[in-house]
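Q: For reference, the structure I am asking about is given below.
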């Protein structure tokens, strides 16, 4: 219920000062805390959808989330076996990583993020595959990350996906 109220409040904040107020009220940290400390899947899914809604409506929030610990939390959520959690987390990661300002925050991501995305390439769900491919594509902007992707074995997995389609 409170997530619905929060969605409504965030959706109806066209004013920059109102958005600043929400940021200053530690809303980003609160949402990240909810993601970190919640094992109730329906609530976790709603929190992930709230994040998607926030970054979809206001680009302003993307930078704030990139500065926070949200990226690390999403990477941790990718370890869950729950399909919806994995899909939503990968969708958020793809959105964050494709943002122009993401490159300056990518060092905040643990070194094994390419391993995580590559591991998702063997998944049988099309949405998971799609988001994992977009995550790897965004990471490939960086020369070191391209080398890691190549050494990690992601290219043969991508080629096998193309052959199977």
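The values are calculated or read from the model by the stated rules, or taken from the named source; none is laboratory data. Predicted, not measured: the structure shown is a model, and the values here were computed from it. As a convention, Cβ positions derive from the backbone with ideal geometry for all residues, glycine included, and neighbour counts pool all protein chains shown.
Q: Considering (1) more than 21 Å from residue 49 (Cβ to Cβ); (2) surrounded by fewer than 15 Cβ atoms within 10 Å (Cβ to Cβ), say which one residue 136 fails and leave the rest.
A: (2)
Q: Can you tell which of 148, 127 is touching a helix residue (DSSP H, G or I) at 6+ places or on another chain (Cβ under 6 Å), at pLDDT below 85, surrounded by fewer than 21 Cβ atoms within 10 Å (Cβ to Cβ) and in a helix (DSSP H, G or I)?
A: Going through 148, 127 in turn, just one is touching a helix residue (DSSP H, G or I) at 6+ places or on another chain (Cβ under 6 Å), at pLDDT below 85, surrounded by fewer than 21 Cβ atoms within 10 Å (Cβ to Cβ) and in a helix (DSSP H, G or I): 148.
Q: Now a separate question. So which of 101, 84 ends up being assigned to a helix (DSSP H, G or I), more than 16 Å from residue 51 (Cβ to Cβ) and in contact with a helix residue (DSSP H, G or I) (Cβ under 6 Å, 6 or more places away or on another chain)?
A: One residue alone meets the criteria, 101.
Q: Something else: Hey, can you tell me all the residues within the stretch 34-67 that are under 14 Å from the mean Cα position of the chain (by Cα), surrounded by 13 or more Cβ atoms within 10 Å (Cβ to Cβ) and at pLDDT below 85?
A: 53, 54, 55, 61, 62, 63, 64, 65, 66, 67
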